[in-house]
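Here is the structure we will look at, set down as structure tokens.
The values are calculated or read from the model by the stated rules, or taken from the named source; none is laboratory data. In this text the structure is predicted, and so the values were computed from the model without any measurement. When we count neighbours, we look across all protein chains shown, and the Cβ atoms used for this are built from the backbone with ideal geometry, even at glycine.
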Amino acid sequence: MSEVLVDNITSRSGGAVGAPSGIVVTGVITATSFVGNASGLSGIDATALKDSGGNVKVQGNTSGIVVTGVSTFTDNVSVGGVVTYEDVTNIDSVGIITARNGIKVSAGQSISAVSGIVTYYGDGSQLTGVESGVVNFVASGTIPNGATVVVKTDGTVGVVTATISPAGFGSPVTFDSDDVSKVGSVYDSTSGKVVVIYEDSGNSNAITAIVGTVSGTSISFGTPVQAHTSAYFAVVASGGPNKVVIAFRDNGNSNYGAAVVGTVSGTSISFGTKVTINSVVSQYQSITSASSGKVVICYNRSGSTPNGTAVVGTVSGTSISFGSEVAIGSNSTTSYSATYDSTNDKVVISYRDNTNSEARSIVGTISGTSISFGSPTAFESSNMASQLASVFDSTNGKVVIVYQDYGNSNYGTAVVGTVSGTSISFGTPVVFNSASTDTAGATFDTTNGKVIIAFKDASNSNYGTAIVGTVSGTSISFGSKSAFNSATTAYINQSIAYDSTNEKVVIGYRINPGSARGEAVVFTPVSQSTTNLTAENYIGIAAEAISNGATGKINVFSGTNTGQTGLTTAQKYFVQPNGTLSTSAGSPSVVAGTAISDTKIVVR
């Protein structure tokens with residue numbers, strides 16, 4: 001083996017040296033370029049390195065290697081530096097791609113995730129045409145652009161609306177079609193039901209109760225339930241959650257005073273065992289609820305002097321127990337009416353003082369199972385009053401007593417009383433019906449702060465009539481009276497109750513003459529507005545007009561709605577019950593957002 005040691009080899013003409021049989025090199029070949037068929041190069045895909053002429057061109061320079069033509073790699077390629085290219089069809093990267101000069105997306109194209117969520121990093125200050133605070137919803141009903149909307153339980157949205165119910169009466173509903181007397185009623189706020197009790201004259205004067213359900217301007221009744229076999233002049237009051245207490249004169253037990261507890265369940269009522277209050281004839285009764293599951297019953301105790309008596313009853317389960325009887329005043333008394341002053345935690349009993357020919361009231365304080373009284377105060381000092389009814393106005397903290405004024409042609413009259421300690425003082429009596437007024441009853445509308453009086457109006461064929469009163473200071477004023485039926489009406493005095501759930505008054509009564517059937521009517525004392533808006537369901541403002549059943553855009557929290565007019569910039573706005581916007585809170589109080597111009601509001 002021999003060696004040729006030279007620095008350069010050229011052909012005779014000074015060009016490249018040909019090697020027809022090939023050259024075997026065991027070391028490194030260094031060249032500035034390579035041109036030729038690469039089919040014999042080991043480990044190189046010659047096809048991938050060929051140019052359009054079929055030659056492979058690999059050129060070296062100080063920055064690296066330049067390959068002309070398409071290169072195909074069948075295995076991974078690792079690049080320690082930066083790969084620079086001018087055009088590429090697809091990029092599949094497992095990491096972050098950095099585009100130094102930005103990314104341009106052709107018109108009509110989009111950036112989207114194959115699956116999952118596309119996440120944008122940055123402050124977004126240069127983004128344009130991006131909607132913020134906008135969500136698509138399906139419309140329930142037609143929604144105008146710029147309308148306030150609520151989300152419904154099925155996930156659709158609808159406009160905020162208010163419905164006006166005018167003041168007035170529904171149609172009378174019969175609860176007993178034959179021979180009813182001595183009607184009374186009470187509202188049980190726990191069950192949301194009105195309980196009507198009455199003497200069933202067609203069934204041996206059995207004390208009977210029936211549960212009524214108010215819906216709109218009507219009332220429906222369950223099945224009558226007998227509370228006691230034979231009694232007289234029953235009165236009823238709430239005895240706590242789902243409980244009512246009925247007090248009566250027990251005809252089957254020497255006319256002694258007695259009481260029974262009823263439990264309301266659905267549209268029915270069940271009763272515990274009768275409890276005897278005393279062993280003496282008891283009549284002219286009245287009953288009122290008090291605090292902590294207590295009731296106070298007052299009545300005339302025949303044969304006693306004085307005969308006015310009160311007793312505290314405590315409800316426990318389906319029974320009731322009583323403390324000791326306490327005398328009311330010191331004279332002969334009748335025609336009792338009791339009410340509970342929840343502001344002062346006092347019981348006010350009004351009555352007719354036969355000894356002094358006065359109408360008086362006395363304040364009672366409950367302590368345990370007993371009651372004590374202050375000194376009585378007259379509200380009619382020179383003439384007698386009868387047909388008493390009393391109610392507590394919790395809005396103004398006043399007692400209102402309704403009565404028939406014997407000294408003034410039996411006119412219907414009311415007087416406002418103010419409790420202070422163990423005493424009560426009165427304003428000037430006010431006539432609410434300038435005609436003979438019989439069997440008047442009263443209740444208080446806690447929603448509207450109104451006193452409702454129902455009565456038999458002798459000036460209008462003895463039709464059942466109602467009137468609304470408003471207390472101001474120590475006086476009361478009245479609107480116009482309105483008849484709720486066109487028949488002679490009786491036994492209203494204990495039978496008027498306020499349904500606070502439905503904001504309605506229920507009046508029970510007996511129709512005369514004929515079958516003397518028992519009826520009830522629902523009274524809306526003040527025009528009412530009901531809304532589908534609550535403190536929770538407000539969702540935003542419509543960003544466009546949306547047809548019923550269509551999907552459209554709603555500006556939700558942080559979104560800007562541009563469909564408004566007449567707004568005051570930098571002012572907070574509230575959604576009103578009818579869907580309009582106002583700078584004052586409605587009921588319920590719902591913030592709509594803040595105006596940023598006269599036509600734009602940011603939803604809150």
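Matching residues to (1) in a strand (DSSP E or B); (2) within 18 Å of Val151 (Cα to Cα):
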| residue | (1), (2) |
| --- | --- |
| Glu536 | no, yes |
| Ser558 | no, yes |
| Gly566 | no, no |
| Ala570 | no, no |
| Ser584 | no, no |
| Pro588 | no, yes |
| Thr599 | no, no |
| Val602 | yes, no |
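Taking the range 142-162 on its own, how many of its residues are at positive phi and loosely packed, with under 15 Cβ neighbours inside 10 Å?
Count: 1.
Give, as residue ranges, the strands (runs of 3 or more DSSP E) completely inside the range 130-171 that count at least 1 residues that are closer than 30 Å to Ala520 by Cα.
Per the criteria, 162-165.
Residues that are touching a Ser or Thr at 6+ places or on another chain (Cβ under 7 Å), part of a loop (DSSP other than H, G, I, E, B) and more than 13 Å from Val602 (Cβ to Cβ): does the range 538-546 have at least one?
no
For the range 184-205, give me the residue count where each residue is β-branched (Val, Ile, Thr) and farther than 19 Å from Asn493 by Cα.
Adding up the residues that qualify gives 1.
Quick check on the range 549-557. Is at least one of its residues farther than 21 Å from Gly155 by Cα and in contact with a strand residue (DSSP E or B) (Cβ under 7 Å, 6 or more places away or on another chain)?
no
Among the strands (runs of 3 or more DSSP E) lying completely within the range 262-319, list those that include at least 1 residues that are among the small types (Gly, Ala, Ser).
Those strands (runs of 3 or more DSSP E) span 268-271, 275-289, 308-316.
Quick one: which of Ser204, Ser220 is assigned by TED's automatic domain parsing to the domain that holds Phe271, surrounded by fewer than 18 Cβ atoms within 10 Å (Cβ to Cβ) and modelled with pLDDT of 95 or more?
Exactly one residue qualifies, and that residue is Ser220.
Hey, can you tell me all the residues within the range 443-478 that are small (Gly, Ala, Ser), surrounded by fewer than 23 Cβ atoms within 10 Å (Cβ to Cβ) and closer than 18 Å to Thr339 by Cβ?
Gly449
Taking the stated definitions as given, is Thr439 more than 26 Å from Ser527 (Cβ to Cβ), assigned by TED's automatic domain parsing to the domain that holds Tyr509 and not in a strand (DSSP E or B)?
Taking the combined requirement at face value, the residue does not satisfy it.
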